[in-house]
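What follows is one structure encoded as structure tokens, with my remarks underneath.
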Amino acid sequence: MKRRFAVAGVSLAVVLGCGTLPAVAADSAPAADTLAAPDVDVTKVRAHLSELSAIAGRNGGNRRSTGQGYRDSVAYVKGKLQAAGYTVTEQPCASGCTSGAGPNLIAEWPKGDANNVYMFGAHLDSVSAGPGMNDNGSGSAALLENALTLAQQNPTMRNRVRFAWWTDEEQGLNGSDFYVRSLPSTERAKIKAYYNFDMIASTNGGYFINHITSSAAAPMKAYWDSLGLQPEENTEGAGRSDDYPFEQYGIPTSGYAMGASARKTSAQAAKWGGTSGSAYDPCYHRSCDTLTNINTTGLDRASDGIAYTLWQRAVDTGTGGGDCDTAGVVANGGFESGTSPWTGDTGSIGAHSGQAAHTGTRFAWLAGYGSTRTESISQTVTVPAGCTRAALSYWLHIDTAESGSTPYDRFTVKAGGSTLATLSNADAGSGYVQRSVDLSAYAGQTVTLTFTGSEDSSLQTSFVLDDVTLRSS
């Protein structure tokens, strides 16, 4: 990751203490729509890191863009990709790069619609102070193993996937800037989104997403939401890595990061673990950015999230062959980002005492007053036209003071004016239950989804709703 401010073209180093980040929670199985994407083997990602570390060790302890360590890193990644069947190109940086900088490495999987390209990139160079295992061996290794996993799985492709390993990022985002600047406008227009991965294994890190509320970010956020990570906007990295040149040309961007020299807040430490007041990466741009400076848990979660995003954006997942990208169709389905775009009785949304979220801290608590009351929340969504099978999934906890099987208090799910599900106090249980309704009939349509809880005049029933998503079922 490049520092925003530099002296004589060289990134400023920040000297900070060391720290470690424990896992925030055991990873649970993500929602059903993530299962089409493979589980990327983090031990293989770490094996690539080990090789990059060895390369640095043989070349003065670093992989700076102008040195043999960088060129050997390019050769290692290139060899793996060519053996897997990629079309691989070394692109010399003909202008704007540091004198003597090595090439960009571009690899394209030669399947899918070449007019719809999704790019995934990471810078391969390090600073001269150290081997750069987190910055940015982590992003480079995760991308390499994702590329190899795609080749091994060899799924039917809907769109084209292109990977990039950038040169000279540490001296000013120079390699990626040259690449985008050199593309003809017709070729730039084919790139539908660019995803950047810079420092995704910080030992005291957090879970950050570039442009987290954008449509480009939707699958990335959906995957980390499925793990209950409550990711935040990557404000520290804005304008400081290889997504920025793409943004300058109007190409949608997103990406994962775990943080650099900025310091973790107490709220973030409470949420993710680690040490508040300390840098996300205490070895940022230092000689101690070695293999011991890697958070394997974070690396694993980022690697799998890359795969999920790639599958959502480019792979034909067998839902009729059309575009059935359901990630982010239901916005703020976990209620962690305030109340928008939900409408209606939005006071039901929050981190209320007396009930617990399914994941995260916030949920929607409908009814539960023990008196005549009706509360509803709604959101308007567009079901993708390519979804021949689509289901609205949600987690619901029902607790009640009622007894017996008579349905005194009710919970309904509606799409437009049609009631798709009705539950009651008779369905109460001790915990959350995942439920779903079929929305296949609404493919290609915009429809308002409404969840309603209603009570009669006595004895409370609470309908506690969380993690609402649209899935290609």
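The values are calculated or read from the model by the stated rules, or taken from the named source; none is laboratory data. Quick caveat, the model's predicted, so the values are computed rather than measured. So basically every Cβ, Gly included, is an ideal-geometry build from the backbone, and we count neighbours across all protein chains shown. Accessible surface areas use protein heavy atoms only, side chains included; no ligands, DNA or RNA. Shrake-Rupley method; radii C 1.70, N 1.55, O 1.52, S 1.80 Å.
Per residue, region 72-213 exposes an accessible area of 29 Å² to a 1.4 Å probe, with every protein chain left in place.
With the highest mean first, a sort of the peptides 325-334, 431-440 on other beta-carbon atoms found within 10 angstrom per residue produces 325-334, 431-440. Under 12 Å from a label point 7 Å along Cα→Cβ of residue 151: give me every residue in region 109-126 with its amide N that close. Backbone N within reach: 109-110.
Given R₀ = 51 Å, FRET efficiency for residue 374-residue 90 by Cβ-Cβ distance, to 0.05?
Numbers: r = 65 Å, r/R0 = 1.27.
Computed FRET efficiency for residue 374 and residue 90 comes out at 0.20.
Once you reduce region 36-100 and region 205-271 to the center of their Cα atoms, the two points are 24 Å from each other. Think of the chain as having a plus end and a minus end, set by charges on the Cβ of Lys, Arg, Asp and Glu; of 352, 381, 268, 268 sits farthest toward the positive end of this dipole. Against the longest alpha carbon principal axis of the chain, how many degrees, from 0 to 90 and to the nearest 10, is the axis of helix 139-153 turned? The helix 139-153 is inclined about 70 degrees to the chain. Take every DSSP beta bridge whose two residues both sit in the chain; close to 75 percent of them are antiparallel.
For region 66-140, the spread of Cα coordinates along the three principal axes comes to 41, 27, 20 Å, biggest extent given first.
Rounded to the nearest whole Å², what accessible area per residue is found for region 368-458 with the 1.4 Å probe?
44
Counting only the backbone N, which residues of region 191-224 are under 15 Å from the spot 7 Å out from the Cα of residue 115 toward its beta-carbon? Taking a point 7 Å out along Cα→Cβ of residue 115, the residues of region 191-224 whose backbone N falls under 15 Å are 191-192.
Report the semi-axes of the equivalent ellipsoid for the chain in whole Å, largest first, where each axis is √(5λ) for an eigenvalue λ of the Cα gyration tensor. Mind dumping the intermediate values first?
Working: eigenvalues 386, 122, 60 Å².
They are 44, 25, 17 Å, listed largest first.
Helix 296-314 and the longest principal axis of the Cα set of the chain meet at an angle near 80°.
Each listed q (0.14, 0.15, 0.18 Å⁻¹) maps to a log10 I(q)/I(0) for region 83-221 from the Debye sum over equal C-alpha point scatterers, namely -0.70, -0.81, -1.17. Maximal additional length on extending the residue 215-residue 50 stretch stands at 55.9 nm, based on 0.36 nm per residue less the C-alpha distance. Rg over Rh for region 339-473 works out to 0.97, both radii taken from alpha-carbon positions and Rh defined as the Kirkwood radius.
Here the chain has 49 percent of its accessible surface on carbon and sulfur atoms, given a 1.4 Å probe and all protein chains in place.
Need the full-extension length gain, residue 270 to residue 456, defined as separation in residues times 0.36 nm minus the C-alpha distance. One decimal, nm.
63.0 nm
Each listed q (0.11, 0.18 Å⁻¹) maps to a log10 I(q)/I(0) for region 309-398 from the Debye sum over equal C-alpha point scatterers, namely -0.42, -0.89. Peptide packing for 458-469, 270-281 was compared via the average number of neighbouring C-beta atoms within 10 Å per residue; ordered from the highest value, the list is 458-469, 270-281. A Stokes-Einstein calculation at 37 °C with viscosity 0.692 mPa s, built on the Kirkwood radius of region 203-362 over Cα pairs, returns a diffusion coefficient of 189 µm²/s. Against the chain, whose longest principal axis comes from its Cα atoms, helix 68-84 is set at around 60 degrees.
A cut-off of 5 Å between modelled amide H atoms, ignoring neighbours fewer than 5 places along the same chain, links residue 443 with no other residue.
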